[in-house]
Amino acid sequence: MSDVPQVSFFDAQAASFRARAGLPARVKSAVAAAVVEIGRLVPARSVLDVGAGTGDIGLEIVASGIGYIGFDASSAMLDEFRIAADEAGFSPRLVVADAGEPWPVAPGSVAVVFGSRSLHWLDPAHVATQ
C-alpha cells in the first residue's frame with residue numbers, strides 16, 4: 001500500500017489549505033527566487049512543479065515570467081490555484097495527474113523539477129526515473 005494519502009484527503013482541505021497551511025509571502029518569494037536562480041531559469045526554460053497544490057510557490061514562479069507546468073492529483077487544489085492565478089492575471093498550465101504515475105511532460109522538456117511539500121510522498125526511484 002502506498003504512503004500517499006488519497007486524493008479525497010487533499011480535495012477535502014483544498015478550500016482552507018492556503019489559510020491553514022499556506023506559506024508567508026516572504027517565504028514563497030524566497031523559495032521561488034531560489035528555484036529560478038539555482039535552476040538558471042530564463043523565460044524559455046520551464047519548471048515542472050510536482051504536487052503544485054494551491055500554488056503557494058508556483059504562482060510566484062509564474063509571476064516571474066518563467067515557463068511553468070504544475071501538476072497535482074487533486075483537482076480541487078488546482079482549482080484553488082487557478083482562482084488565485086486568475087485574480088493575479090495569470091493562466092498557468094495546470095494538469096491533474098498522479099505523481100506516482102508517469103509525469104505529464106515529455107522527457108527533457110523541462111529544465112527544473114521542483115516539489116514543495118510533495119516529493120517526500122513519492123518513491124525516490126520513481127522520481128529519479130521521471
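The values are calculated or read from the model by the stated rules, or taken from the named source; none is laboratory data. Remember, predicted model here, so these are calculated numbers, not experimental data. Please note: Cβ atoms are built from the backbone with ideal geometry, for glycine as well, and neighbour counts cover all protein chains shown. Surface accessibility is based on the protein's heavy atoms, side chains included, excluding ligands, DNA and RNA. Shrake-Rupley method; radii C 1.70, N 1.55, O 1.52, S 1.80 Å.
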> Residues in the range 99-129 that are in a loop (DSSP other than H, G, I, E, B) and open to solvent by less than 80 Å² (accessible area, probe 1.4 Å): how many?
Replying inline: 13
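Let's see how each residue does on (1) in a helix (DSSP H, G or I); (2) at pLDDT below 90; (3) among the acidic types (Asp, Glu); (4) touching a strand residue (DSSP E or B) at 6+ places or on another chain (Cβ under 8 Å):
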residue	(1), (2), (3), (4)
PHE17	yes, yes, no, no
ALA33	yes, no, no, no
GLU37	yes, no, yes, no
GLU87	yes, no, yes, no
> Among the numbered criteria (1) open to solvent by 60 Å² or more (accessible area, probe 1.4 Å); (2) in a loop (DSSP other than H, G, I, E, B); (3) touching a residue at least 24 places away in the same chain (Cβ under 8 Å); (4) not β-branched (Val, Ile, Thr), which single criterion is violated by ASP56?
Replying inline: (1)
>> Please go through (1) under 15 Å from the mean Cα position of the chain (by Cα); (2) of a type in the set (A, V, I, L, M); (3) within 27 Å of GLN6 (Cα to Cα) for ALA106 and return the number of the only condition it doesn't satisfy.
In response: (1)
> Restricted to the range 85-95, and to residues that are over 11 Å from ILE69 (Cα atoms) and touching a residue at least 12 places away in the same chain (Cβ under 8 Å), which residue is surrounded by the most Cβ atoms within 10 Å (Cβ to Cβ)?
Replying inline: ALA85
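Within the range 39-53, track down each residue that is open to solvent by 20 Å² or more (accessible area, probe 1.4 Å), part of a loop (DSSP other than H, G, I, E, B) and over 20 Å from TRP121 (Cα atoms). Full working, then the answer.
Of all residues in the range 39-53, those open to solvent by 20 Å² or more (accessible area, probe 1.4 Å) come to 40, 42-46, 51.
Checking the rest, the ones that are also part of a loop (DSSP other than H, G, I, E, B) come to 40, 42-45, 51.
ARG40, VAL42, PRO43, ALA44, ARG45, listed by residue number.
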> Considering the range 64-83 alone, what residues qualify as being surrounded by 17 or more Cβ atoms within 10 Å (Cβ to Cβ), outside any strand (DSSP E or B) and among the aliphatic types (A, V, I, L, M)?
Replying inline: ILE66, ALA73, ALA76, MET77, LEU78
>> All but one of (1) under 15 Å from VAL112 (Cα atoms); (2) at pLDDT below 95 hold for GLU80; state the number of the condition that does not hold.
In response: (1)
